[in-house]
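Asks: So that we are looking at the same thing, I have put the structure below in structure tokens.
What follows is calculated from the coordinates using simple rules that are stated; it is not laboratory data. Since the structure is predicted, the reported quantities are computational estimates derived from the model, not experimental observations. Counting neighbours? That spans all protein chains shown, and the Cβs are built from the backbone with ideal geometry, glycine included.
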């Protein structure tokens, strides 16, 4: 809440989306530039967002029996060379350590750009019999790739992610597990917590990850009406397994290769969280992702401070709506915090400052609800509850504070998701010709088009043409559970499929 | 719970403590050797331990208003050179990246061996006025230092830690904050969760961190009666501040340097957690640090499976003793888990295996309590609750399961702490001559001795002599709140202080 010292002008979202994003992220103290080239400082607000995602995802992973482990940061270069396509894809981006233990290293070490090779090496030791399958592992870690053009959170040399790597006995089982993850982890968290809707499903042949059997993708529509790939998942099947000789004794005692999947979600999510929801003026974070659920703003003077303080203690007792409280006041002089067992927190702004200063800082904070408490409220046994978004203001009895805050909270969460859903739903255009695609792209829409599934070469040629002419790409082949526009889009020919074409951010 | 496939012989704890530790950690699946030199794979059990510590410490840090941020992994070499003593200390251990963005880098980048220099750089941008103080930050991250001799968790090239860095207006305030941390974070977590007692306080002049005004340390007695430094904290005061020109406008508009403190706890803690508590045969983890609070072992056959399953559901309702449950059964075929909001978890071993297989795996697991449920128990509306340590076995009514488990749980936690406390308390020997120190060290004791506080040179000479002759070092100058032996140790001369001398692990 020290943003008042930074008076940054926010550029127009319409005219310069990229600069608008930078201004918003800077003004609301999410990052700082770093003296290390291509990197940023993740400031506390950004770390809190990432920790929230981690907490939710870890809970989901546990229910799927996925275990977190941690493999080394540095990967021997010889590993990359086992998988030619892989090394070619990553070689230019590697940060390499050449000297170790006071000597030139024979096998140089690269800071991980992704960990497939390391996981394969690990799986080779771990996997013996079919009884060991499935092996379901996940890793939270930092990643390093030199990037030509960096932008805070969206693309930086160092970033953080969650990468999971699973082995299954059969290809069908691997694919089914992918579906479980899709529904129970990514889809759920994107919708429920991050309030973002998207189009999901397979990438086309030419757009999928090199060496993967299938690549799945999530493509939301950003608030500049462009597509963005936010997490990808790969059914890698047996290719890596064969290169690294990861195999098991099958039931009939035949050597068999397992089916491999890998998935990831990165701190890029901070980027789309901010840029999806924020408007011209304010940083907007979905309430379920907000560090503080509410901020209490007391108005007091010397003589009534103790009374106001006691009144706030009474209110806090009424605010505990989910679990028993566990609160301890913070020691430092300006703020105090109340905390729930599930990490939902309330901050009390006890600073000896004017009310307008406190309300301005609340405006800038991104937190969803303010509760104003002063002499007047105290005398009438009331509180004034303010929603930061709608600026709706209600006076309620102390016993009703909890319900009111919760109501503001969930209304706003639902509203943000509805906006994200509507943006996507209202901007998908059925196209039956190249000309129609062209018009849709120019109008900042997603085009849905009919694709010849039986003729891969024809597809690729068309994709190349669209990419070249319109700077647009096939984003995905959507699956059945999608939007009405997609469902209603009629396939005219046999053996054809629906594809979404759009410009990416 | 796949340890039954690894049949590792555990070496004698008495005869070869180092090998015993390695055998225990390997047999109970905490690590795997890695193809990257000097590194290990942190297996899921180890990651879970570290995540538990992180969760507890983050809660405490929040109450102290300390914020988590994240600074880059790679530090420009020029930063190290700003602080001569610092670079000399770390230079041989640095892993350096020389090429970036397809060119030789002018300012080479080192993987962080610690982040003081980066924090100072960050603080220089952040700090302007005294109103910005205190700045209280913490970082959870990976660290890399080449090491000559590595040992899993105790000393590896890559490890994880929490490093906090705080700036204060005055030296007194900085020191007071250090005391807060000592009492409210480290001391609390070491005692309450990790069940480890220690001697704490200042390092002597010759043993403190280079450039620090004061170094505080925690020294438990390991189960081989040697000392080990488990976390250090430094009142760095203004030295780094001056090198990096971190200053602020003081109240009277004079430029002033703030007082700097830094503290850390690393994944080395996994080492002392295992080696403090485990006995010759078993991995022992304090129940509060255990991933699963209890394991339910059902005995069933085809005809009664459904009945047993329902019976377990009834029991689970009675097991929720802390918060409302939130449980969802796990999908994979063998195990299910019940979960509480605070991440306390119960596992149900639904494998279609013989009872002795299930009980053996429980023995190997390190989890504190088993609840056996079969036809017999069901008919009598009972459960059999087993403590893994004492092998105490009680038949209790379903309504009493919760209280029984909690009782086993807290008894064992208390017992482990008592053992750690007793080990230390009973092995401190008052020494009034060099000969007595010699005898104490030879007997694997901690010696308490009288030190001439007014004569630093004399101290150093004596320290060097002891180090040289006995391979023992001054571990710390203990403070007032310690053990009876220390309190009773009488100072014979004026201007003297008490010091603890011991061999370190």
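Asks: Given label points at 7 Å from Cα along Cα→Cβ, what nm distances, shortest first, separate residue A:411 from the same residue in every other copy?
Replies: 5.5
Asks: Also, I was wondering about something else. Using a 10 Å cut-off around each Cβ of peptide A:70-80, what is the average number of partner chain Cβ atoms that fall inside? Please list the in-between numbers first.
Replies: Details: counts 14, 9, 14, 10, 10, 2, 4, 0, 1, 2, 0.
Other-chain Cβ atoms within 10 Å of each residue's Cβ, averaged: 6.
Asks: What average number of partner chain Cβ atoms lie no more than 10 Å from the Cβ of the residues making up A:90-101?
Replies: Values: counts 0, 0, 2, 2, 3, 10, 4, 10, 5, 5, 8, 9.
Mean shielding by partner chains, rounded to a whole number: 5.
Asks: Return the percentage of antiparallel bridges among DSSP beta bridges fully within the range A:428-502, rounded to the nearest 5 %.
Replies: On the way: 9 of 12 bridges.
If I count the DSSP bridges inside the range A:428-502, around 75 percent turn out antiparallel.
Asks: Arrange the following residues from fewest to most other Cβ atoms within 10 Å of their Cβ: B:177, B:446. Walk me through the numbers before you get to the answer.
Replies: Numbers: B:177 22, B:446 27.
Fewest to most other Cβ atoms nearby, the residues stand as B:177, B:446.
Asks: Rank these for me by crowding, B:194, B:57, going from fewest to most other beta carbons within 10 Å. Please report the intermediate quantities before stating the final value.
Replies: On the way: B:194 26, B:57 21.
Fewest-to-most Cβ neighbours within 10 Å comes out as B:57, B:194.
Asks: Right, here's the next one. What does the extension gain come out to for residue B:170 and residue B:406, with contour length at 0.36 nm per residue minus their alpha carbon separation?
Replies: Values: separation 236, 0.36 × 236 = 84.96 nm, distance 4.58 nm.
Full extension of this stretch gives 80.4 nm more.
Asks: Then there's this: Test of understanding: ordering A:404, B:48 by Cβ neighbours within 10 Å, fewest first, what list do you get?
Replies: Working: A:404 18, B:48 21.
Final ranking by Cβ density, sparse to dense: A:404, B:48.
Asks: Which of rounded, prolate or oblate describes the range B:428-502 when judged by the alpha-carbon gyration tensor and an a/c cut-off of 1.5?
Replies: Numbers: a/c = 1.71, a/b = 1.08, b/c = 1.59.
It comes out oblate by the Cα gyration axes.
Asks: Roughly what angle does helix A:171-181 make with the longest principal axis of chain A, taking Cα atoms, 0 to 90 degrees, to the nearest 10?
Replies: Helix A:171-181 and the main axis of chain A meet at about 10 degrees.
Asks: Taking the 0 to 90 degree range and rounding to the nearest ten, how far is the long axis of helix B:44-63 tilted relative to the main principal axis of chain B, both from C-alpha atoms?
Replies: 60
Asks: Given that compact globular proteins tend to follow 2.2 N^0.38 Å, what is the ratio of the alpha-carbon Rg of the protein assembly as shown to that value? Write down the numbers at each step before the final one.
Replies: On the way: Rg = 30.1 Å, N = 1010, 2.2 N^0.38 = 30.5 Å.
The value comes to 0.99.
Asks: For all pairs of alpha-carbon atoms in the range A:83-199, what percent lies in each bin of width 10 Å, listed from the first bin to the last filled one?
Replies: Result returned by the calculation: 10, 28, 35, 20, 5, 0.
Asks: Out of the DSSP beta bridges found with both residues in the protein assembly as shown, what percent are antiparallel (nearest 5)?
Replies: Details: 148 of 180 bridges.
Antiparallel bridges: around 80 percent, rounded to the nearest 5.
Asks: Once both axes come from the Cα atoms, what is the angle between helix A:305-318 and the longest principal axis of chain A, in degrees from 0 to 90, rounded to 10?
Replies: So the helix axis and the longest Cα principal axis differ by about 50 degrees.
Asks: Still on this structure, I have one more. Using a 10 Å cut-off on Cβ to Cβ distances, tally the other chain neighbours for every residue of B:59-68 and report the average as a whole number. It would help to have the intermediate numbers written out before the result.
Replies: Values: counts 5, 1, 0, 7, 9, 4, 8, 2, 6, 8.
That works out to 5 on average.
Asks: A further question follows. Counting each DSSP H run of 4 or more residues in chain A as -39500 (n - 2.57), what helix-only mean residue ellipticity at 222 nm follows after dividing by all residues, to the nearest 500 deg cm²/dmol?
Replies: Numbers: 16 runs with 170 residues, N = 505.
One gets -10000 deg cm²/dmol as the mean residue ellipticity at 222 nm.
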